[in-house]
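The values are calculated or read from the model by the stated rules, or taken from the named source; none is laboratory data. Since this is a predicted model, take the numbers as computed values, not measurements. Backbone-built Cβ (ideal geometry, glycine too); neighbour counts: all protein chains shown.
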Amino acid sequence: MRKHTSYTEGFDGQDFSIDFEAVEGTFLKARIHDKVVIAYLVYDDSYRDVEDLMGDGCGELISFHWDNRKNHHKGFEALGLNSNGEPDLGWINRVHMAIADDRYVATCLKKYPLNDLLLRFGEGGDYEQQRTPVESDLEFVTRCLTEDSDYNDWGCVIYDEVYREVLTRMWSEPEYHPGNPDAQLLSVYSHSGEHWSLSGQGMQCEFDTCNSGGVWIPDEYLAEELTKLEPNERSTKAQVYAQRFLDEFNNISSGQVYGCVVQTYDEDGNEEDTDSCWGFVGWNYARGSLKSEFFDPACMNLLAQYNEDVRTQCNRQIEMELV
């Protein structure tokens, strides 16, 4: 429950009692004939948590900076990493095995001279294989490499370092990457609080900044929108969504959450009406909302009421003169 302590604010030589402690420098004041309007911002500390204010359609921040192993796994998965935080090459091999095997064979044929491969697989070689009379040298070593990848796990093939290179290249290609294509790696600056940004951006400090501090993942609503876009536009839009989330998240985390209050008084300084709303995030947004949604409408309503009263009085005067 908010504490309704009475505070005082001066205007035009009068003191007016206001219901909340105002944020310094946020007062908007006006006299509309015999009425006074005072609007101001209040720090809002009544929300439950950050998620309470963020709502749907914003995405999710998963921090590697906070100690939550379950979330760490979810973040690693979104980035295409295994449980050790390394590229998940095993996933690529399981899902795209046929393509990886073909690339392994092609890479070996390109990397190693044909004679070296013949010495390895031919008679007396380390991995001697039976050769049919009709096979050419190239056909023979190609079959040997193909059988090597067919019958062995990628970590146990003869040229395992080549297979790792193949999987690593595939991991960096969008069509084979195991992670969320819209996930954004994040930086976090941690010093008397935290400030999050897209990786490599924001405040950079040798001691207080981690450029792989977490990951932003779109929720189902944003993901649906992103899948409608072309790849280049999709990547750019995902960064825009992530930055929008971070702006909101950083404002909330740093306490930039406000309530907007507008109060109306009669000519003697007695309060006639109060309107307030809470949960405005960000200084600029709150200041703009205070003026456009509270102060200006209150002033216009009083002015309209005054004009209506004048018209009514004039009509009555005319009626009396006609009588």
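The set of residues in region 277-292 that are part of a strand (DSSP E or B) and in contact (Cβ under 8 Å) with a residue 60 or more places away in the chain comprises Trp278, Gly279, Phe280, Val281. Pairing residues of region 100-117 that are small (Gly, Ala, Ser) with residues that are part of a helix (DSSP H, G or I), at Cβ distances under 7 Å and at least 6 apart in sequence or on separate chains, gives Ala100/Ile92; Ala100/Asn93; Ala100/Val166; Ala100/Leu167; Ala100/Met170.
Just for region 186-218: of the residues that are among the aliphatic types (A, V, I, L, M) and surrounded by fewer than 18 Cβ atoms within 10 Å (Cβ to Cβ), which one is nearest to Arg244 (Cα to Cα)? Quick ask: steps written out before the conclusion?
Let us first name the residues in region 186-218 that are among the aliphatic types (A, V, I, L, M), namely 186, 188, 198, 203, 215, 217.
Cutting the leftovers down to surrounded by fewer than 18 Cβ atoms within 10 Å (Cβ to Cβ) gives us 198, 203.
Working: Leu198: 11, Met203: 17 Å.
For region 186-218, the residue satisfying everything is Leu198.
Looking at region 37-48 only, could you name the residues that are in contact with a strand residue (DSSP E or B) (Cβ under 8 Å, 6 or more places away or on another chain) and over 14 Å from Val261 (Cα atoms)?
Residues satisfying the conditions are Asp45, Ser46, Tyr47.
Got at least one residue in region 119-141 being in a helix (DSSP H, G or I), among the aromatic types (Phe, Trp, Tyr) and in the same structural domain as Glu224 (by TED's automatic domain parsing)?
no
For region 123-144, the count of residues that are of a type in the set (Gly, Ala, Ser) and at pLDDT below 90 is nonzero. Please indicate, with yes or no, whether at least one residue in region 26-42 is of a type outside the set (Gly, Ala, Ser), at pLDDT 90 or above and within 30 Å of Leu186 (Cβ to Cβ). Within region 26-42, one or more residues are of a type outside the set (Gly, Ala, Ser), at pLDDT 90 or above and within 30 Å of Leu186 (Cβ to Cβ).
Give the residue that is farthest from Glu248 (Cα to Cα), with candidates limited to residues of region 154-172 that are hydroxyl-bearing (Ser, Thr, Tyr) and surrounded by 19 or more Cβ atoms within 10 Å (Cβ to Cβ).
Our first condition is that a residue be hydroxyl-bearing (Ser, Thr, Tyr); within region 154-172, this holds for 159, 163, 168, 172.
Those still in the list that are surrounded by 19 or more Cβ atoms within 10 Å (Cβ to Cβ) too: 159, 163.
On the way: Tyr159: 50, Tyr163: 44 Å.
Across region 154-172, the extreme among qualifying residues is Tyr159.
Restricting region 264-311 to residues that are touching a strand residue (DSSP E or B) at 6+ places or on another chain (Cβ under 9 Å) and of a type in the set (Lys, Arg) leaves a set whose member that is surrounded by the most Cβ atoms within 10 Å (Cβ to Cβ) is Arg287. The set of residues in region 150-176 that are farther than 16 Å from Lys111 by Cα and either among the polar types (S, T, N, Q) or in a loop (DSSP other than H, G, I, E, B) (or both) comprises Asn152, Asp153, Trp154, Gly155, Cys156, Thr168, Ser172, Glu173, Pro174, Glu175, Tyr176.
Tally the residues that are modelled with pLDDT of 95 or more and among the hydroxyl-bearing types (Ser, Thr, Tyr), restricting the search to region 286-323. Number of matching residues: 2.
When Glu135, Glu175, Glu128, Glu123 are checked against the criterion of being without any contact (Cβ under 8 Å) to a residue 24 or more places away in the chain, within 42 Å of the chain's Cα centre (by Cα) and surrounded by fewer than 15 Cβ atoms within 10 Å (Cβ to Cβ), Glu175 stands alone in meeting it. Of the candidates Asp116, Asp101, the single residue that is part of a helix (DSSP H, G or I), in contact with a Phe, Trp or Tyr (Cβ under 9 Å, 6 or more places away or on another chain) and charged (D, E, K, R) is Asp101.
Looking across region 265-292, the residues that are under 24 Å from Ser6 (Cα atoms), under 34 Å from the mean Cα position of the chain (by Cα) and not hydrophobic (A, V, I, L, M, F, W, C) come down to Asp275, Ser276, Gly279, Arg287, Ser289, Lys291.
Sort out for me the strands (runs of 3 or more DSSP E) sitting completely within region 177-226 that have 2 or more residues that are within 15 Å of Gly85 (Cα to Cα) and polar (S, T, N, Q). Can you show your working first?
On the way: elements: 184-190, 194-198, 209-217.
Counting at least 2 such residues, we get 209-217.
A single member of Asp268, Asp273 is assigned to a loop (DSSP other than H, G, I, E, B) and in the same structural domain as Ile18 (by TED's automatic domain parsing), and it is Asp268.
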